[in-house]
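Down below is the structure, laid out as structure tokens.
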Amino acid sequence: MNTINNNVERLLKIFLIFSLVLSAFLIYPRSAQVEAVDNGISNEINVKEHDEEGLRTFAGTLQFEVPEDKTPVGNDIVILRDVSWTFQNYIESESQVIKQIASELDMTNDRMMIINISPWTNSFLAVDLTNDLNKINAGLNSKEIGPIQVPEDSGFQFAKEAYEASKGNSSNNPIFITISDFDVVGGDIATIEAGAQKVKDAGYKLGMVYIDANSDRAEIAKNLVSSPEYFFNTTDMSEGITALREMAKRMYTVQEAKVEWRIPEQLNILSVSAKDDEGNEIPVELDGNIIRAKTPQDADKKITIEYVLKETDRITGDLEIGQGSISYSNEEQSLPDISITSNNVPVIEAADKTLKKGASFDPMAGVSASDTEDGNLTSSVRVTANDVDTSAVGTYHVTYSVTDSDGNTTTKTITVTVTSNDAPVITASDKTLKKGGSFDPMAGVSASDTEDGNLTSSVRVTANDVDTSA
Ligand SMILES: [Ca+2]
Ligand SMILES: [Ca+2]
């Protein structure tokens, strides 16, 4: 029987310890950190500081991993490169960059086509659509850069026709990128615009690295691309060639991981930033109190979002801040539930006191303090002022102060009245009377007291040996 009881007791102890450990993970952040992990998404939040009004600033880190996921259908990258005389000295470095782009493609799905153009004269298919890196490199190494006798066109139209002749029944995403100055010597800008429009009308993405100092033509060129982010303008040839690689990356279609997180209105977003595990910054967009960030799933990535929030006003109820989701590769996951606590000020219970002169006075007697979040704070109460002097009648004050773990300080002042404590006075005079006379010991006797007033009725005769017969 004893053994059973011992085992029950042991189990209860284990359960109690387990509950305590568990509750440590479920509590809310104050001075200690709180971390919630759900579906591999972790969110950790700490109180960073309190301002002079006791309002808290929280710093947190949201982390999650996204897998690499290129689009399953692949991309067809069609590069239209200007080989007119302005570009002659840069053909080699341009070829190197295009080789780099090719080396970064997923050749199980992706293909590349390279067209040499002289915008006002001819276009030449340098590399037909292929997923063979050797063919791409060979085409780029070839000194045969045209012009070959192709009828004059804008280059775009030639590229579109060449692509459509080679693409087969693939459903790859067609990406057309030009690197050119569209130096329309003897040509017509309208031809270029018409050609670009045909590419876009076919549903192909069009991007452009534009190398020209002529701002009028740059304005026209800017409107030819599919999206403003697919336009790069420079007068520096080397910079433009580098930009070609970035443009290819930007236009490459991959799945995107997206975060959308709504921060409650009771909190101000002081700062938020995101980066991947290689330290690359991920752009974060703030739409009111909604945080949005997205990054292409072009590699396995661990994303870290660092944020700083501050309560706009004292939060009086526990506040859920995990309202949001992360979506990637057609999956969507909710952010882990995490809450920050209320931030109530502590309350001091202390009442005014009246005591009599000469009495002893303990300023802490009957005083207590409590706090919604911290519980009993009586032991933290400090007496910050106390002028009570019980040896003299008067009105005095005692001030108490207590601070909770959120840095909220409450003070309270009570009034202590010390009253007089005089002894009562009996008025009675000696008496002379004749033998046999009647004697009333209370006749002419009265009593009064500073505090109590008339005490005559309370006068008791405690001894009386008067005998009028003797
Ligand atoms: Ca509190
Ligand atoms: Ca008295």
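Listed values, structure above:
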{"item": "Only Lys, Arg (+1) and Asp, Glu (-1) charged, at Cβ; region 341-419 dipole about Cα centre in debye", "result": "460 debye"}
{"item": "Per-residue HN-Hα couplings for region 290-304 [Karplus 6.51, -1.76, 1.60; θ = phi - 60°; Hz; x = Gly/Pro]", "result": "9, 9, 10, 8, 9, 8, x, 7, 9, 6, 5, 9, 10, 9, 10"}
{"item": "Point-to-point label distance, residue 464-residue 445, nm (Cα→Cβ direction, 7 Å offset)", "result": "0.6 nm"}
{"item": "Region 204-247 - charge dipole about Cα centre, Lys and Arg +1 at Cβ, Asp and Glu -1, debye rounded to 20", "result": "200 debye"}
{"item": "Rounded FRET efficiency, nearest 0.05, which uses the C-beta distance separating residue 290 from residue 137 and R0 of 35 Å", "result": "0.15"}
{"item": "10 °C / 1.306 mPa s Stokes-Einstein diffusion coefficient of region 300-364, Kirkwood radius on C-alpha pairs, µm²/s", "result": "90 µm²/s"}
{"item": "Straight-distance crosslink candidates among aspartates and glutamates, where the alpha carbon sits under 14 Å from residue 249 and sequence neighbours closer than 8 are dropped", "result": "76, 104, 106, 110, 229, 298"}
{"item": "Residue among 372, 299, 433 farthest towards the positive dipole end of the chain, charges placed on Cβ", "result": "433"}
{"item": "Value of [θ]222 nm, deg cm²/dmol, for the chain, DSSP H segments ≥ 4, -39500 (n - 2.57) each, nearest 500", "result": "-6500 deg cm²/dmol"}
{"item": "J(HN,Hα) series, region 400-415, from Karplus relation 6.51 cos²θ - 1.76 cosθ + 1.60, nearest Hz, glycine and proline x", "result": "10, 9, 8, 10, 8, 6, 8, x, 7, 10, 10, 10, 9, 10, 10, 9"}
{"item": "Cα-centre dipole for the chain with unit charges at Cβ (Lys and Arg positive, Asp and Glu negative), debye to 20", "result": "1040 debye"}
{"item": "Accessible heavy-atom area order of 278, 193, highest first, probe of 1.4 Å", "result": "278, 193"}
{"item": "Per principal axis, descending, Cα span of region 310-419 in whole Å", "result": "82, 22, 15"}
{"item": "Where the chain is the region considered: accessible area per residue in Å², 1.4 Å probe", "result": "53 Å²"}
{"item": "Of 450, 46, 410, farthest towards positive along the dipole that unit charges on Lys, Arg, Asp, Glu beta carbons give the chain", "result": "450"}
{"item": "D (Stokes-Einstein, µm²/s), Kirkwood Cα radius, region 75-251, 0.890 mPa s at 25 °C", "result": "155 µm²/s"}
{"item": "Set of aspartates and glutamates with alpha-carbon distance to residue 357 below 16 Å, sequence-local pairs under 8 removed", "result": "387, 389, 422, 449, 451, 452"}
{"item": "Cross-link partners of residue 48 among lysines (Cα-Cα below 18 Å; sequence separation of 8 or more within a chain)", "result": "310"}
{"item": "Residue 73-residue 51 pseudo-label distance in nm [points 7 Å out on the Cα-to-Cβ vector]", "result": "5.2 nm"}
{"item": "Computed FRET value (nearest 0.05) for residue 245 with residue 277, which takes r as the C-beta separation and R₀ as 30 Å", "result": "0.85"}
{"item": "Most to least packed among 316-323, 164-171 [average Cβ atoms within 10 Å]", "result": "316-323, 164-171"}
{"item": "Share of carbon and sulfur in the accessible heavy-atom surface of the chain [1.4 Å probe, %]", "result": "48 percent"}
{"item": "Cα shape, region 282-324, gyration tensor, a/c 1.5 rule", "result": "prolate"}
{"item": "Rounded to whole Å, sorted largest first: equivalent-ellipsoid semi-axes of region 197-236, Cα gyration tensor", "result": "20, 10, 7"}
{"item": "Out-of-range pairs (alpha-carbon distance over 31 Å; input 135/258; 99/167; 205/302; 99/198)", "result": "135/258"}
{"item": "Debye equation applied to the C-alpha atoms of the chain, log10 I(q)/I(0) at 0.10, 0.13 Å⁻¹", "result": "-0.90, -1.15"}
{"item": "Cα long-axis angle, helix 237-251 against the chain (0 to 90 degrees, to the nearest 10)", "result": "70 degrees"}
{"item": "Whole-Å distance, taken between Cα centres, linking region 304-334 and region 238-281", "result": "19 Å"}
{"item": "Interchain or long-range residues, amide H under 5 Å from residue 233's placed H", "result": "210"}
{"item": "The chain: angle of helix 156-166 to the longest principal axis, Cα-based, in degrees nearest 10", "result": "80 degrees"}
{"item": "DSSP bridge pairs, the chain: antiparallel proportion in percent, nearest 5", "result": "75 percent"}
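The values are calculated or read from the model by the stated rules, or taken from the named source; none is laboratory data. Note that the coordinates shown come from a computational prediction; the quantities given were computed from them, not determined experimentally. For neighbour counting, all protein chains shown are included, and Cβ atoms are generated from backbone atoms with ideal geometry for every residue, glycine included. Quick note on the areas: whole protein, heavy atoms, side chains included, nothing else; ligands and nucleic acids left out. Shrake-Rupley method; radii C 1.70, N 1.55, O 1.52, S 1.80 Å.
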